[in-house]
1. Please verify whether Asp36 is open to solvent by 20 Å² or more (accessible area, probe 1.4 Å) and under 25 Å from Arg125 (Cβ atoms), treating the condition exactly as stated.
2. Please go through the stretch 251-278 and pick out each residue that is closer than 22 Å to Trp164 by Cα, under 19 Å from the mean Cα position of the chain (by Cα) and part of a helix (DSSP H, G or I).
3. Restricting attention to the stretch 55-77, which residues are under 19 Å from His31 (Cα atoms) and assigned to a strand (DSSP E or B)?
4. Given the conditions (1) more than 19 Å from Val32 (Cβ to Cβ); (2) in a helix (DSSP H, G or I), and given that Arg80 satisfies all but one, which numbered condition is not satisfied?
5. Can you confirm whether Gly196 is open to solvent by 50 Å² or more (accessible area, probe 1.4 Å), of a type in the set (Gly, Ala, Ser) and in contact (Cβ under 8 Å) with a residue 24 or more places away in the chain?
6. Listed residues Ala204, Ala227; which is surrounded by fewer than 15 Cβ atoms within 10 Å (Cβ to Cβ) and either free of Cβ contacts under 8 Å to residues at least 12 places away in the same chain or in contact with a Leu (Cβ under 8 Å, 6 or more places away or on another chain) (or both)?
7. Among the listed residues Arg141, Arg163, identify the single one that is under 19 Å from the mean Cα position of the chain (by Cα), at pLDDT 95 or above and either charged (D, E, K, R) or open to solvent by 50 Å² or more (accessible area, probe 1.4 Å) (or both).
8. Restricting attention to the stretch 55-77, does a residue exist that is among the charged types (D, E, K, R), on the phi < 0 side of the Ramachandran plot and touching a Phe, Trp or Tyr at 6+ places or on another chain (Cβ under 8 Å)?
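The values are calculated or read from the model by the stated rules, or taken from the named source; none is laboratory data. A quick note: this is a predicted structure, and the numbers were derived from the prediction, not measured. Glycine also receives a Cβ, built like all others from the backbone with ideal geometry; neighbour counts cover every protein chain displayed. Quick note on the areas: whole protein, heavy atoms, side chains included, nothing else; ligands and nucleic acids left out. Shrake-Rupley method; radii C 1.70, N 1.55, O 1.52, S 1.80 Å.
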Amino acid sequence: MLVFAASDKGGTGRSVTSANLAYQRALTGDHVAYVDFDFGSPTAAAVFDVPSAVRGTEERGLHSYLEGEITEPARIDVWRQTEHPLLRARPNQSGRLVLLPGDAGGGEFATGEEALERCIDLLLRLNTEFDLIVVDLSAGRSYAVDMVLAATAHPRMRNVPHRWLVFHRWTRQHVIAASGLVHKEHGIIKGGVERGHDEQTLRAAIRFVRAAVPDPESPLWSHGSPAQAAWMQACDEALRRLAAEHRIGDSVVLGIVPLEPILQWREQLITEEDVLSTQIANKETLEALEELARRLTDDTYWGQL
């Protein structure tokens, strides 16, 4: 299955959350590929602690592949090439975890028919080899978004299952922006229909993920004043109304990731050791990531909008 990770703005937690979801699925035994189509900022390797490609790879990156300069993009075995000590000791029963990085110094570029064909070829090959392929897309209605909309509408990919995760933070600006990316005139749905997608099928394949969501009831905020607590509650209620008005209310949210210092300051994978041993991460965050990873392929959570 293909899972496309999108967002209208940068700083939504799209890449770090997507990387954690890929990691969690690999822990369950799935073979997982992480494809860095964030052409303007191919930095997924930093989340996986792979120093050789923290700003993209110097050779055989995805830019070079799509532009026809190479015939096969580089693959990084995360378990072997990471500097994260816990990941290097690959857990028993885990599946493959492979990163396909972008090019160092790469940027957004227009994609024509030849690039589209190469994209389709790549996604088809990966789909036969991996259980889950997470494709991290550039923010906004980007060339990367347009390319994969066209690719997944192509007859060659008609039988390849795919889903979309649209990430946003829990603020007014992000709620409005995420809704626009999906529902507005030049959004994912209308852009997909223009390329041949069935509208209802595409709608059913899109779910939202709220990231960095503060819980007003959490002990983390217990030291605030009564006025602050009341203000937070009022903001949360107003955001819920706004999200419902913009058609991204609770019924189409696949999961919520709590506000977490590690994800804000370090942008790293969260392991059980981070929760149980060093206690630098919160149990609720790990549980949220585990549940979100499970829901990716659970049809119970993917009904019609």
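1. On the way: open to solvent by 20 Å² or more (accessible area, probe 1.4 Å): no; under 25 Å from Arg125 (Cβ atoms): yes.
So Asp36 does not fit the description; no.
2. Val252, Leu263
3. Selection gives Ile76, Asp77.
4. (1)
5. On the way: open to solvent by 50 Å² or more (accessible area, probe 1.4 Å): yes; of a type in the set (Gly, Ala, Ser): yes; in contact (Cβ under 8 Å) with a residue 24 or more places away in the chain: yes.
Criteria met by Gly196.
6. Details: Ala204 fails: surrounded by fewer than 15 Cβ atoms within 10 Å (Cβ to Cβ).
Matching residue, one of Ala204, Ala227: Ala227.
7. Arg163
8. yes
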